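Working notes for the structure below.
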């Protein structure tokens, strides 16, 4: 999973080599990955990792484990920005999220300035 701030995350899955010892790769030799829809709990795990580690852009691994009638997710590894393997389409999404965050911060700053001028 990759995050940009506490409110944006993107997750991908890959076939575990533990299943048959093989890692599926594309023609460029990169692991084949598939987009994943995150549960609310997984999104909360991502938010907490960003806040606790104070690492706005990071990657981490989630393991989904069948327990009883449900699936439970565990974080098993957290990586800083330098270890995040960003794909080209994710770079665009990341840039978009950063732009939105920057514009929102500027908006809040302008709102605060306007309120100060009113008083």
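Scan 86, 52, 23, 19 and give me the residue that is at pLDDT 65 or above and either in contact with a helix residue (DSSP H, G or I) (Cβ under 7 Å, 6 or more places away or on another chain) or not in a helix (DSSP H, G or I) (or both).
Values: 86 fails: at pLDDT 65 or above; 52 fails: either in contact with a helix residue (DSSP H, G or I) (Cβ under 7 Å, 6 or more places away or on another chain) or not in a helix (DSSP H, G or I) (or both); 19 fails: either in contact with a helix residue (DSSP H, G or I) (Cβ under 7 Å, 6 or more places away or on another chain) or not in a helix (DSSP H, G or I) (or both).
Answer to the check: 23.
Working only within segment 26-38, note down all residues that are assigned to a loop (DSSP other than H, G, I, E, B) and surrounded by 14 or more Cβ atoms within 10 Å (Cβ to Cβ).
Residues satisfying the conditions are 33, 38.
The values are calculated or read from the model by the stated rules, or taken from the named source; none is laboratory data. None of the values given here were measured: they were computed from a predicted structure. Note that we place each Cβ from the backbone using ideal geometry, even for glycine, and neighbour counts take in every protein chain shown.
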